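The values are calculated or read from the model by the stated rules, or taken from the named source; none is laboratory data. These numbers were taken from a predicted model, which means no experiment stands behind them. Don't worry about glycine lacking a Cβ; one is built from the backbone with ideal geometry, like all the others, and counts go over all protein chains shown. Accessible surface is based on the protein model in full, side chains and every heavy atom, while ligands, DNA and RNA are left aside. Shrake-Rupley method; radii C 1.70, N 1.55, O 1.52, S 1.80 Å.
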Amino acid sequence: EDDLMHTFNGITFTIRTSPELLKSLDTFDAREDDILLVSYPKSGTHWLAEILMHLYAPRVSLTSPIEFGDLSRLDQLDRLSGKRIIPTHLDGSMLPPAFKLKQCKAIYIIRNPKDIAVSMYHYYRDNPNLPTIDSWPVFLEMFLRGDVVCGSWFDHVLSWEKHTDDKNTLFLFYEDMKQDLPKVVKKVSAFLALNTSESRIHEICKKSSFSEMKTNTEKENDPNHTVCALTSNRKLVFRKGAVGDWKNHFTPKQNRMFEETFNKKMKFSEVAKHLVYEF
Ligand code: A3P
């Protein structure tokens, strides 16, 4: 079990991310027109990736995550010509500096961490690349301690908030996408300076609905491609796709414990303020 994971800079990674790759990330050569798709795991990364692909189609490649693989990863990315959408779960402090220097655009998708904890719990149980979890209460404590893959949700959000400059970073909320997807897609289109027609927006929203994406993945012969370094099995990604599933898992006491940690950690976070109405 222990050999599934390793720690780098105090953050837990699976062995699908090699320490050598993490050590060499600083040398990565970003390009001005790269787009970073940033998230903590289980925040809606695949959903947003689908939307971005439709918005740019066919003039773009969606790469696998920058932190996925070994040293050869950086060369692979380098060999891709044309525009790249590069997903990452990396902490803000570990991002290759070239992305900042070249002022690349980044979209950070954020989700109610209570729902993320539940989603991640199921993911740990289903995903053979992650260690076995004893029970939900045990997992929740691990999550609150940041003792899970990709580290603490709280620190992830804070690190990105700190490392970003407003002009080039767009924060999106999973819950807003569930509530009014066309509105969010329009916002993304404007941020990327694309001129997307109303009818095209409508079409994109239909194609990226949960049921559509889940069904398409199940029909695929080869669903071995993801935008998450934690698995290549796309079938593991689509579970419920709902807001508020935490209510089916949290006891009142667990909820109080969660909110205590949240309030302590996120006291000065601007981004987190937008989440409070979902609690
Ligand atoms: P649940 O486990 O709560 O169902 P990521 O892509 O970052 O790994 O996030 C996965 C989560 O996003 C899963 O949450 C998954 O069901 C949900 N998801 C994926 N596609 C979606 C879509 N089109 N609409 C809503 N939720 C989606």
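Selection of the range 65-96 for residues being out of contact with any Leu (no Cβ under 7 Å at 6 or more places or on another chain), hydroxyl-bearing (Ser, Thr, Tyr) and in contact (Cβ under 8 Å) with a residue 12 or more places away in the chain yields only Ser93.
The number of residues in the range 23-61 that are open to solvent by 10 Å² or more (accessible area, probe 1.4 Å), part of a helix (DSSP H, G or I) and away from the ligand (no atom under 11 Å from the Cβ) comes to 8.
Within the range 220-232, being in contact with a Ser or Thr (Cβ under 8 Å, 6 or more places away or on another chain), in contact (Cβ under 8 Å) with a residue 40 or more places away in the chain and surrounded by 13 or more Cβ atoms within 10 Å (Cβ to Cβ) holds for Thr226, Val227, Cys228, Ala229, Leu230.
Anything in the range 7-22 that is charged (D, E, K, R) and within 16 Å of the ligand (Cβ to nearest atom)? List them, or say none. Scanning the range 7-22 gives a single hit, Arg16. Out of the residues in the range 121-144 that are in contact (Cβ under 8 Å) with a residue 60 or more places away in the chain and not in a loop (DSSP other than H, G, I, E, B), which is most open to solvent (accessible area, probe 1.4 Å)? Only one residue tops the list, namely Asp126.
In the range 145-152, the condition of being without any contact (Cβ under 8 Å) to a residue 24 or more places away in the chain, over 15 Å from the mean Cα position of the chain (by Cα) and in a helix (DSSP H, G or I) is met by at least one residue.
Could you identify the single residue in Ser64, Ser81 that is more than 19 Å from the chain's Cα centre (by Cα) and either part of a loop (DSSP other than H, G, I, E, B) or within 29 Å of Lys235 (Cβ to Cβ) (or both)?
Details: Ser64 fails: more than 19 Å from the chain's Cα centre (by Cα).
Being more than 19 Å from the chain's Cα centre (by Cα) and either part of a loop (DSSP other than H, G, I, E, B) or within 29 Å of Lys235 (Cβ to Cβ) (or both) holds for just one of Ser64, Ser81, which is Ser81.
Of all residues in the range 158-208, exactly one satisfies the criterion of being open to solvent by 40 Å² or more (accessible area, probe 1.4 Å), of a type in the set (S, T, N, Q) and either closer than 18 Å to Ile85 by Cβ or within 16 Å of the ligand (Cβ to nearest atom) (or both), namely Gln179.
Candidates in the range 78-113 are the residues that are within 11 Å of the ligand (Cβ to nearest atom) and touching a helix residue (DSSP H, G or I) at 6+ places or on another chain (Cβ under 7 Å); of these, the one that is nearest to Phe13 (Cα to Cα) is Pro87. Suppose the filter is part of a helix (DSSP H, G or I) and at pLDDT 95 or above; does His6 pass it? Taking the combined requirement at face value, the residue does not satisfy it. The set of residues in the range 243-277 being within 20 Å of Ser39 (Cα to Cα), touching a helix residue (DSSP H, G or I) at 6+ places or on another chain (Cβ under 8 Å) and in a loop (DSSP other than H, G, I, E, B) consists of Val243, Gly244, Met266, Ser269, Leu275.
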